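Engineer: Encoded as structure tokens, here's the structure I'll be asking about.
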Amino acid sequence: MKLRTMFLVLGVALAVAIGLAVVANQRSGHRDYTTIVHLEYLSCALEEYRIAQGEYPTQALRIALGGYAPPEQPPDIWQDQWGNDFRYQRRGKYRYHFYSLGPDGKPGTGDEIGEHRPRRTQQPAP
């Protein structure tokens, strides 16, 4: 059952990566694409954390994902390409909002780049 859950999570992550890549191609600039890649990279670490711990982290992202982010990560993985830290909000045990404020660094201006987990994901087997 755990193997099936892992494949489900990886499939969802791949689908999100493809969707975000399409969005990145519609946006102009290398910075958007690189930010999306960093978000996707850390989103995979979030999924690994959820599988291992049974829920998404409640604490600071760097601390929580320290043991789950692969060691070959780029040094600037925790920031978008405009030098702003990524924002992470846990929204329940199986949901989160993980995003960049975009080029202007301000919330609510429509240029945010993000990853949402709006639906409840499958619970790991006990």
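Engineer: How far apart, in nanometres, would the label points at Lys2 and Ile51 be if each is projected 7 angstrom from Cα along the Cα-to-Cβ direction?
Structural biologist: Placing both labels 7 Å beyond Cα along the Cβ direction yields 1.0 nm.
Engineer: A further question on this structure: Quick one: which residues, 5 or more positions from Gly114 or on another chain, have an amide H under 5 Å from its amide H? H modelled 1.01 Å from N in the peptide plane, none for Pro or chain starts.
Structural biologist: Distant-sequence amide H within range of Gly114: Ser100.
Here, each number is a calculation from the coordinates, and none is a lab measurement. Model, not experiment: these values are computed from the prediction. So basically every Cβ, Gly included, is an ideal-geometry build from the backbone, and we count neighbours across all protein chains shown.
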